[in-house]
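The values are calculated or read from the model by the stated rules, or taken from the named source; none is laboratory data. Just so it is clear, the model here is predicted, and its values are computed rather than measured. Heads up, the Cβs are rebuilt from the backbone with ideal geometry, glycines too, and the neighbour counts pull from every protein chain shown.
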Amino acid sequence: MAQTDKPPTMLSHGELPYPAGTLVMDTISERKGELVGVIEERVKQTGRVVSQMAHMRPRGGGIEWDAPLERIQPVENA
């Protein structure tokens, strides 16, 4: 495999860091929404996690979005 080739990966559901529906905030964009799920990208051959994305939706409706899992935190006193 050439140095620039990416190994084959797969997507799967990851473990939620907080219960589904928890109000969380993306610490970079400061957007707030309910945590829906976690999507993990893993290397097919080894199962090593390449990335984890938190999937969120705004309370009351709107466009859903993803952010890196390490950028979200629960909103206090929601």
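Results, tabulated for the structure shown:
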quantity: Residues satisfying the stated conditions in the range 1-26, i.e. modelled with pLDDT of 95 or more, of a type in the set (S, T, N, Q) and loosely packed, with under 13 Cβ neighbours inside 10 Å; calculated: Ser12
quantity: Residues of the range 52-69 satisfying the condition of being exposed (fewer than 14 other Cβ atoms within 10 Å of the Cβ) and either among the polar types (S, T, N, Q) or within 8 Å of the chain's Cα centre (by Cα) (or both); calculated: Pro68
quantity: Residues within the range 24-48 that are of a type in the set (A, V, I, L, M, F, W, C) and over 14 Å from Ala67 (Cα atoms), tallied; calculated: 1
